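Since the structure comes first, as structure tokens, the remarks are kept for the end.
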Amino acid sequence: MSESKEITQTIRIQQLDQLYEHLPSVLPVSIIVSIILGAVLWPVTDHSVIVIWWLAVTLTSVLRLAISTFYRNDEAKLSNTAVWYKRYYLLATLAAATWAALAFVAFPHDDLFRQFLIILVLAGLASVTVVSMASMLNVVITYVSLLLLPLALRLAMLGDGLHLVTAAMVLVYLLVQMVSALKTNATLNEILQLRFDILQKDKDKRKSEELYKTIADNLPVGVAMVYGTGTLQLMNKKLSKIFSADPRSMIGKNITELLVQIKDDKYLVKLSDFLKSGKQFVHESDKLRLNSSTEYLRYSGVTIRLKEEEQEAYILLCTDITEERSAVKLVEKSEQRLRSIIDHSNDVFYIHDVNHKMEYISHQTRKMFGYEPNEML
């Protein structure tokens with residue numbers, strides 16, 4: 001899926017969420033209003049007409065509530081947005097037509113009070129629709145038009161001046177609702193787009209953090225990122241192994257809680273200066289025994305600038321040099337053994353460079369040639 005199509009799909013599902021989430025709160029009110037309105041019209045309208053109309057309103061409301069429940073439980077709705085949109089549009093159109101039928105099947109000719117009540121209910125439904133369906137402009141236009149255009153036509157058909165003026169006012173009200181729907185839809189879509197952008201940036205940030213963490217966890221050295229306040233922000237697996245610490249429990253805490261195990265005062269002083277000044281440093285410590293295998297560590301630190309967060313952070317590198325130190329000790333012991341062999345030998349041993357300049361000569365030169373070793377170098 002292309003990026004632009006993914007954006008459109010994501011925003012469309014958010015628009016559908018807006019549509020469907022209002023149904024459970026709006027539809028019960030619609031049923032209650034239909035009952036009250038049916039009771040008011042009961043004395044002046046054929047009872048069978050009222051019952052059939054009320055059953056139609058109730059049935060469409062129940063269907064819309066049911067489809068709202070199915071929508072919330074559909075785990076694959078992201079790939080079925082077109083289907084869910086059509087279902088909502090069709091049922092909303094059916095509901096609007098059912099309410100609009102009042103203007104023809106139960107409109108009392110000579111009862112201005114009940115006429116005004118019907119006008120008030122349909123106008124109220126139009127206002128609620130502009131808010132609850134604003135995320136989909138064509139749904140709003142269809143619903144509001146179906147509610148108010150038949151009403152304006154019915155009023156105009158009565159022919160007298162009062163009803164003609166009322167019909168004109170209904171059309172003006174319809175126009176106002178259309179303009180309001182346009183503005184509300186534009187604002188809501190801007191909010192949805194902004195929300196998508198924020199979520200996308202957050203998603204990209206999490207991906208970057210995961211990538212950096214994966215890289216850090218596979219480095220052969222211990223890595224920690226510390227904010228200027230001393231708060232530990234990142235701790236890779238190698239460092240957690242060196243200090244036998246759980247990264248999940250250390251992230252967000254002060255770095256001193258991790259370094260409390262270190263007994264090297266010189267390092268702690270250098271670290272303190274580094275966190276204050278940001279000056280790069282390197283330090284080796286041989287006073288540690290953090291776990292069964294770590295005795296010697298090399299520390300270094302550099303300062304970085306976090307552009308997005310507009311603050312400085314410090315990268316601390318910690319390398320276990322226990323094996324390196326052990327290798328150096330083995331070399332030193334080998335050199336000591338070799339010197340011991342040379343010192344107890346009757347032969348003269350010497351080392352010279354490519355220009356035959358003496359770099360080392362054993363002390364037997366004194367006995368064999370009568371020169372001190374330093375005189376031969």
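Only the coordinates and a few stated rules stand behind these numbers; no lab work does. Remember, it's a predicted structure, so these values are computed and weren't measured experimentally. Neighbour counts are summed over all protein chains in view; Cβ atoms, including those assigned to glycine, are modelled from backbone coordinates with ideal geometry.
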(request) State the extension gain, in nm to one decimal, for the chain segment bounded by Ser326 and Lys237, taking 0.36 nm per residue of separation less the distance between their alpha-carbons. (result) 29.7 nm
(request) Under 1.5 on a/c is rounded, so check that first for the chain, then, if it is not, pick prolate when a/b is larger than b/c and oblate when it is not; a ≥ b ≥ c are the square roots of the alpha carbon gyration tensor eigenvalues. (result) prolate
(request) Can you bin the stretch 32-82 into rounded, prolate or oblate? Criterion: square roots of the alpha carbon gyration tensor eigenvalues sorted a ≥ b ≥ c, rounded for a/c under 1.5, prolate for a/b above b/c, oblate for the rest. (result) prolate
(message) Which one, Lys333, Lys276, Lys266, has the greatest fluctuation when you compute a Gaussian network model over the chain with C-alpha springs under 10 angstrom?
(response) Lys333
(message) Counting C-alpha atoms alone, how compact is the stretch 70-175: give Rg to one decimal and Dmax as a whole number, in angstrom.
(response) 16.4, 56
(message) Taking the 0 to 90 degree range and rounding to the nearest ten, how far is the long axis of helix 137-158 tilted relative to the main principal axis of the chain, both from C-alpha atoms?
(response) 10 degrees
(request) Report P(r) for the stretch 1-125: all Cα-Cα distances, bin width 10 Å, range 0 to the bin holding the largest distance, values in whole percent. (result) 12, 38, 25, 16, 8, 2, 0
(request) Measure nothing fancy, just the Cα-based angle from helix 3-41's long axis to the longest principal axis of the chain, in degrees from 0 to 90, nearest 10. (result) 30 degrees
(message) Nearest 500 deg cm²/dmol is fine: what mean residue ellipticity at 222 nm does the chain get from its DSSP H runs of n ≥ 4 alone, each adding -39,500 (n - 2.57), divided by its residue count?
(response) -22500 deg cm²/dmol
(request) Return the single residue from Arg64, Arg339, Arg72 with maximal mean-square fluctuation; model: Gaussian network over the chain, springs between Cα atoms under 10 Å. (result) Arg339
(message) From the mean inverse distance of alpha carbon pairs (Kirkwood) and the Cα radius of gyration, derive Rg over Rh for the stretch 148-232.
(response) 1.60
(request) Sketch the reach of a paramagnetic label on Met368 as a point 7 Å from Cα along Cα-to-Cβ, and name the residues of the stretch 328-351 whose backbone nitrogen lies under 17 Å away. (result) 339-351
(message) If I take R0 = 51 Å and measure r between the Cβ atoms of Gln280 and Lys357 in this structure, what FRET efficiency does the formula 1/(1 + (r/R0)^6) give, to the nearest 0.05?
(response) 0.85
(message) Is there a quick way to get the dipole size of the chain? I mean about its Cα centre, with the Cβ of Lys and Arg at +1 and of Asp and Glu at -1; what is the value in debye to the nearest 20?
(response) 260 debye
(request) Extending each Cα 7 Å along its Cβ direction at Lys266 and Val128, get the distance between those two points in nm, one decimal. (result) 8.0 nm
(request) Rank these for me by crowding, Val331, Val128, Val139, going from fewest to most other beta carbons within 10 Å. (result) Val331, Val128, Val139
(request) Averaging sequence separations of C-alpha pairs under 8 Å and six or more residues apart, then dividing by the length of the chain, give the relative contact order as a whole percent. (result) 9 percent
(message) Using a 7 Å offset from the Cα along the Cα-to-Cβ direction at both Phe196 and Thr69, what is the distance between the two label points in nm, to one decimal?
(response) 3.2 nm
